[in-house]
Structure formats: structure tokens, C-alpha cells
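Trainee: What follows is a structure written as C-alpha cells; I'll ask about it next.
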Amino acid sequence: MDLIAAPRYVEALIARIGEFCLEFCRQTLARLGPRIDLYGIWDDFASRSLMISPETWRRFYKPWHRRIIAEASATS
């Protein structure tokens, strides 16, 4: 509900989580990068369809996925 009712709160919360995930990615790839063939991101947004609207996913989550993917791509 907060995605709609309190978007500024959600943005701040997701930013904290996103920074943690990005730093985790950096540290993991710095230690293991040359020895791994695949690096994955898993979430629980959907099984057969999204549990939130595509617009909401793009607004709140896609920028963080993009940053993590960019970090992993730059390391490989």
C-alpha cells in the first residue's frame, strides 16, 4: 500500500536497500569476479504476472536493477 499511499517513504526505503544491494554486488564481484560465470538478481515481484503495476515497478525498482546490472557488467 505504501507504494501508492507513501511514495516518498518508499523511495527512501528502497534507496537504503538498493545501496546495500549495490555495495554487496561490488564486494562480491571484487572478491569473486574472475572466478564466476554467472551473477544473478532474484526478486519476488511475479510468478505468472507482476504483483504490482509495470509503472510502479519501473518507478521504484527498475533504476536499482539497472545500477546493479551495470555494476556487474563493468566488473566482468
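Trainee: Restricting to Cα atoms and excluding each atom paired with itself, what does the Kirkwood estimate give for the chain in Å?
Mentor: In the chain this quantity evaluates to 13.7 Å.
Trainee: Around residue 46, what is the net charge, scoring Lys/Arg as +1 and Asp/Glu as -1 over all other residues with Cβ under 14 Å from its Cβ?
Mentor: Once positives and negatives cancel, what remains is +1.
Trainee: Cα atoms only, the range 21-64: Rg and Dmax in Å?
Mentor: 13.8, 37
Trainee: Which stretch or stretches of the range 1-18 have amide N atoms under 16 Å from the point lying 7 Å from residue 24's Cα along the Cα→Cβ direction?
Mentor: Answer for this model: 13-18.
Trainee: Once both axes come from the Cα atoms, what is the angle between helix 62-75 and the longest principal axis of the chain, in degrees from 0 to 90, rounded to 10?
Mentor: 0 degrees
Trainee: Determine the share of the chain's accessible area contributed by carbon and sulfur atoms, expressed in whole percent, with a 1.4 angstrom probe.
Mentor: Carbon and sulfur together cover 58 percent of it.
The values are calculated or read from the model by the stated rules, or taken from the named source; none is laboratory data. Everything numeric here is computed off the predicted structure, so don't read it as measured data. With ideal geometry, Cβ positions are generated from the backbone for all residues, glycine too; neighbour counts draw on all protein chains shown. To get the accessible areas, we keep the full protein, side chains included, count just its heavy atoms, and leave off ligands, DNA and RNA. Shrake-Rupley method; radii C 1.70, N 1.55, O 1.52, S 1.80 Å.
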